[in-house]
Every structure is written in C-alpha cells, then in structure tokens.
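Take a look at the structure set out below.
Coordinate-derived values only; no laboratory data. Source: prediction; values computed, not measured. As a convention, Cβ positions derive from the backbone with ideal geometry for all residues, glycine included, and neighbour counts pool all protein chains shown.
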Amino acid sequence: MKKWQWTLISLLGIGMIVSQYLDFIASPPEAQMGNVVRILYFHVASAIVAFTAFGITALLGLVFLVRKQWIWDQMARVSAEIGMVYTTFVLISGSIWGDAVWNTWWTWDPTLTTTLILWFLYLAYILLRASITDRERAAKVASVYGFIAAIDIPVIHQSVTWWRGIHPNVITMQGFNMPPMMVYTLMFSFVVFLGLYAVILWISTMMAKDRDDLNDLRELARNALAKYDERVGS
Amino acid sequence: MIMLGYLFAAAAVVWVGTFFYVVALLQRQRRLRLELEDVKRMLEEIKE
C-alpha cells in the first residue's frame with residue numbers, strides 16, 4: 001500500500017478507537033435509559049450516513065443521466081450498496097435498543113416502518129440492476145428508480161412529526177434533545193461513520209471502474225482474437 | 001437490561017472487523033489494478 005493509503009487507514013483506525021472511548025467511557029449513562037443510550041451513538045450516526053448514501057445515489061444517478069459518464073453510475077451503485085449495509089445496521093441496532101427500552105424487538109411505528117420500506121426499496125435497486133443484462137439500460141433504469149426511491153428519506157425524517165409515533169425525536173429544527181457531552185459523542189461518531197463511508201465509497205468505486213475496464217478489455221481481446229482466427233482460417 | 005461489557009465488546013468486534021475489511025478492500029483494489037495493467041500491456045504487445 002502507498003504512504004497516503006496507510007495515513008488514511010491509520011486516521012480511520014484512530015477515529016474508531018476515539019469513538020469507542022467516547023461512546024463507552026467518556027459519555028455518561030442517561031438518567032432513564034442508563035447504558036442503553038450508547039446504542040444511539042451508532043444507531044443515529046449510521047441512520048444519517050445511510051440517508052446521505054441514498055441521497056448521493058439519487059444525485060449521482062441524475063448526474064449520470066445528464067453527463068453520460070460511467071464513473072457517476074459506478075459511484076451511485078456503490079453508494080446504494082453501502083447505504084444498504086448502514087440501513088441494516090440501523091434496523092439491527094434499533095431493534096436491540098427497542099428491546100431494552102420499549103420491551104419489544106419490533107413495532108410498526110411509522111419511523112421504523114418507513115425505514116424498513118427504505119431497506120426494501122434499495123434491496124430492489126440492487127436486484128433491479130442485477131436483473132438487467134444491458135449495462136446502459138440497467139444504469140438508466142437504476143438512476144430513475146434511485147431518484148424515486150429517495151423520496152422515502154424525507155418521509156422517514158418527517159414521520160416523527162406527521163404521525164406522532166413512539167420513536168424519539170433526537171434531532172429537531174431547534175437542535176439536539178440531549179446534553180452537550182452526548183451531542184459531542186454523537187457528532188464524533190457521525191464523523192467517523194461518514195469517513196468510513198467516504199473511504200469505502202472511494203475504494204469500491206475504483207474497484208468497480210477497474211472491473212468494468214477489465215471486462216471491456218477482455219471483450220476487446222476476444223473480438224481481436226476472433227477476427228485473427230477468421231483471417232487465418234480464410 | 002443491556003450489560004455494558006457485552007455492548008462494549010460487540011462494538012469493538014464491529015470496529016475491528018470493519019477496519020480489517022477496509023484494509024482487505026484496499027489490497028483487493030491493488031491486485032485488480034495490477035491485473036488491469038497486465039491485460040493492457042498484453043493488448044499493447046498483441047497490437048505491436
């Protein structure tokens with residue numbers, strides 16, 4: 001690995017250690033929830049990053065439709081895949097928190113339900129891409145679908161106020177509904193999660209680009225060999 | 001009630017796993033880049 005890659009990996013590692021320290025040692029337990037509140041640092045941070053990832057998928061899909069450059073489509077695809085992993089993490093961490101606080105692993109609360117819908121929407125996005133063999137058609141269809149699916153993101157955010165479920169509203173227009181130390185911890189977790197998203201997005205996009213280039217070159221070589229065989233045969 | 005020790009251990013396992021996943025991803029990307037350069041070089045040789 002190159003020096004700057006080592007620097008990036010080291011920074012990420014340090015961020016993870018500091019985040020672990022802030023989440024479990026520096027930040028105090030909450031008055032009513034106790035230590036269960038620590039799940040929220042992961043849960044809220046990964047939820048924000050998941051929404052960001054799907055928002056970026058929608059945006060880059062549009063950029064691809066306008067500019068017709070493959071890199072935007074590759075990035076949109078990778079962002080959706082990472083967003084899917086983060087959403088899975090949101091649902092799992094939310095379930096663990098729900099079991100401790102609400103005494104149930106799952107409830108059909110509007111925020112939980114719309115988040116589950118988001119998970120299915122992006123599962124469909126990935127399956128849709130995989131089911132269309134023509135690369136250009138798959139990219140175009142996925143771009144339009146990704147934009148429409150992203151409508152669920154503001155719905156999830158507004159679901160707490162629109163339908164008044166039992167899901168707590170931690171971040172409002174007035175700010176954070178928690179003490180300053182918890183806000184700092186949450187913000188730091190968010191920065192680390194976002195950094196992790198950016199690093200994986202960048203590496204995976206490079207990989208997707210290289211893999212597509214490799215397939216194109218193999219196709220080119222296959223055609224060249226076929227032409228050569230034809231010439232030798234005739 | 002959730003035990004802090006288990007929660008700490010679970011989070012640590014997730015962080016360590018994620019860290020090694022990123023390192024593995026970087027190495028895989030490097031191998032893919034080398035393979036791509038090999039194929040490019042091979043095609044150049046065929047052209048010549």
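The table that follows gives values for the structure above.
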read-out	value
Size of electric dipole in chain B: Cβ of Lys, Arg +1 and of Asp, Glu -1, about Cα centre, debye, nearest 20	160 debye
Gyration tensor verdict on the range A:1-74 (Cα atoms; rounded if a/c is under 1.5, prolate if a/b is larger than b/c, oblate otherwise)	oblate
Ellipticity estimate at 222 nm from DSSP helix runs (n ≥ 4, -39,500 (n - 2.57)) divided over chain B, nearest 500	-34000 deg cm²/dmol
Computed lengthening from A:A226 to A:W202, 0.36 nm per intervening residue step minus Cα-Cα distance	5.0 nm
Rg ratio (alpha-carbon, reference 2.2 N^0.38 Å) - chain B	2.18
Tilt relative to chain B, helix B:4-47 - C-alpha long axis, 0 to 90 degrees, to 10	0 degrees
Most mobile of A:Y86, A:Y21, A:Y145 in a GNM of chain A (Cα contacts under 10 Å)	A:Y21
Of the DSSP H helices in chain A, those whose Cα atoms cover at least 18 Å axially and whose Kyte score averages 0.0 or more	A:3-21, A:38-67, A:70-101, A:110-131, A:135-149, A:180-233
Most positive-pole-ward Cα, A:A221, A:I156, A:W119, against dipole of the range A:81-234 from beta carbon charges	A:A221
Label point 7 Å beyond Cα of A:I14 along Cβ direction - residues of the range A:192-210 with amide nitrogen under 19 Å	A:192-200
Shape call, the range A:139-234: gyration tensor on alpha carbons, a/c limit 1.5	oblate
Simple label model, 7 Å out from Cα along Cβ direction - A:A130 to A:T104, nm	3.2 nm
Order of A:L60, A:L65 - criterion: other Cβ atoms within 10 Å of each residue's Cβ, fewest first	A:L65, A:L60
Gaussian network model of chain A, Cα within-10 Å springs - most flexible of A:L91, A:L194, A:L214	A:L214
Modelled FRET efficiency - R0 41 Å, B:A9 with A:Q158, Cβ distances, 0.05 increments	0.65
Neighbour-count order for A:L22, A:L225, fewest beta carbons within 10 angstrom listed first	A:L225, A:L22
Per-residue mean of C-beta atoms belonging to partner chains within 10 Å, peptide A:211-221	3
Spin-label pair A:I92/A:A31, simplified geometry with 7 Å Cα→Cβ offset, distance in nm	3.4 nm
Residue-averaged 222 nm ellipticity for chain A, from DSSP H runs of 4+ at -39500 (n - 2.57), nearest 500	-28000 deg cm²/dmol
Computed over the range A:23-202, Cα set: Rg, Dmax in Å	17.4, 56
Residue with peak Gaussian network fluctuation, chain A [Cα springs, cutoff 10 Å], from A:N223, A:N169, A:N35	A:N223
